[in-house]
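Have a look at the structure below before the remarks.
The values are calculated or read from the model by the stated rules, or taken from the named source; none is laboratory data. For clarity, every value in this text was computed on a predicted model and none was experimentally measured. With ideal geometry, Cβ positions are generated from the backbone for all residues, glycine too; neighbour counts draw on all protein chains shown. Protein only, heavy atoms only, side chains kept; ligands, DNA and RNA dropped before computing areas. Shrake-Rupley method; radii C 1.70, N 1.55, O 1.52, S 1.80 Å.
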Amino acid sequence: MSDLASKLAILRRQAGIAAPQAKDARDDGRHEPRGTPTRPPDLATLRRMAGVRDRLAQPRTPLRPYTREVPGDELAPGLRYIEQRFVWAEPPAELDLSFAKLATARREQFLHFDTETTGLAGGTGTRAFMIGAADWHDGALRVRQLYITTMAAEAAMLREFARWIEPETFLVSYNGKSYDAPLLATRYRLARLPNPLLGRAHVDLLHPMRRRYRRAWENCKMQTAERKLLRIVREDDLPGSEAPRAWLTYLRGGSSANLVRVAEHNLQDVRSLSGLLVEAHGWAAMDGAAVSPSGYEK
């Protein structure tokens, strides 16, 4: 039997096809044997012969509808503004900032801010396309957000954000001293505008969180802090690393669906900052309660 015939016989056995009838003695081996011809294998048999496995059925994530609509009011060409107010437990009138090696400040002085940028590495090529800020105003937590839908609107966004900062403002951020504030300082310099953050008191909550919880938590990322201290678990949150793609996709004519999700992510960031600040304010009382009047730990 030739090698080809041997291989065909093996494939037939693997596919469960009956072997052909014996050849006639006068058959010289170059023709098919006489008798009823075998039925060609069906598709399932061929897939089995080729070793193709059926894929498990995986539910597909529903596609988000294509839209170019963006929320907010247009303050200038390409500059959008969103303002929302939330019922929030009012913090004390004065907040203790000893955890940040500062004194005290009134609740109205704090401006919690966070940026969404075109990259995480920083540098002159990275720009902020969204700035969110929260403050306590008229008995509620006010959240204001600015974002640009064109490159040309950046200067207008920077000027508007500068109007939110007063001489007595205390800035509150999470890793803002190392990232957000230097990045904005660069953008103000390139736009030839005065930097409103320069010289302002700045409470960066990342460093106190690390000092207090680095041995107790798996990490001290903001979402870990808000989950541990505020019992907030985000659902369908767009990671910050996906923000640059969402904005650039919109600029190139794509859908605004993920850009809206970036705004929701930024909104939660600044809301959580206000809650984490109040938590940190309470550390002094907690630590004082753990020490007896004699000065020894209970």
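Please determine whether any residue of segment 156-172 is more than 24 Å from ARG252 (Cα to Cα), modelled with pLDDT of 95 or more and of a type in the set (S, T, N, Q). Yes: segment 156-172 contains one or more residues that are more than 24 Å from ARG252 (Cα to Cα), modelled with pLDDT of 95 or more and of a type in the set (S, T, N, Q).
Filtering THR150, THR104 for residues that are among the β-branched types (Val, Ile, Thr), within 20 Å of ALA93 (Cα to Cα) and open to solvent by 10 Å² or more (accessible area, probe 1.4 Å) leaves a single hit, THR104. Among the candidates TRP247, TRP217, the residue that is under 22 Å from THR117 (Cα atoms) and open to solvent by less than 60 Å² (accessible area, probe 1.4 Å) is uniquely TRP247. Within segment 163-187, residues that are aromatic (Phe, Trp, Tyr) have Cβ atoms under 6 Å from residues that are assigned to a loop (DSSP other than H, G, I, E, B) in these pairs: TYR174/LEU205, counting only partners at least 6 apart in sequence or on another chain.
Only a single item in (1) farther than 16 Å from SER274 by Cα; (2) crowded, with 17+ Cβ neighbours inside 10 Å is not met by SER173, and it is number (1). Just so you know, in segment 124-169 the residues that are farther than 20 Å from GLU264 by Cβ and among the β-branched types (Val, Ile, Thr) include one that is nearest to the chain's Cα centre (by Cα), and it is THR126.
Of the helices (runs of 4 or more DSSP H) lying entirely inside segment 191-298, those containing at least 2 residues that are at pLDDT 90 or above and under 28 Å from LEU79 (Cβ atoms) span 243-251, 257-281. Within this structure, LEU198 passes the test of being open to solvent by 80 Å² or more (accessible area, probe 1.4 Å), without any contact (Cβ under 8 Å) to a residue 24 or more places away in the chain and over 23 Å from the mean Cα position of the chain (by Cα).
Quick grid of which residues meet (1) on the phi < 0 side of the Ramachandran plot; (2) not hydrophobic (A, V, I, L, M, F, W, C):
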{"residue": "HIS112", "(1), (2)": "yes, yes"}
{"residue": "LEU120", "(1), (2)": "yes, no"}
{"residue": "ARG127", "(1), (2)": "yes, yes"}
{"residue": "MET130", "(1), (2)": "yes, no"}
{"residue": "GLY139", "(1), (2)": "no, yes"}
{"residue": "ARG142", "(1), (2)": "yes, yes"}
{"residue": "THR149", "(1), (2)": "yes, yes"}
{"residue": "ALA152", "(1), (2)": "yes, no"}
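Residues of segment 115-126 that are open to solvent by less than 20 Å² (accessible area, probe 1.4 Å) and in contact with a strand residue (DSSP E or B) (Cβ under 7 Å, 6 or more places away or on another chain): THR115, GLU116, THR117, THR126. Annotation note: of PRO77, PRO65, PRO92, PRO37, the sole residue that is modelled with pLDDT of 85 or more, over 19 Å from ARG142 (Cα atoms) and surrounded by fewer than 13 Cβ atoms within 10 Å (Cβ to Cβ) is PRO77.
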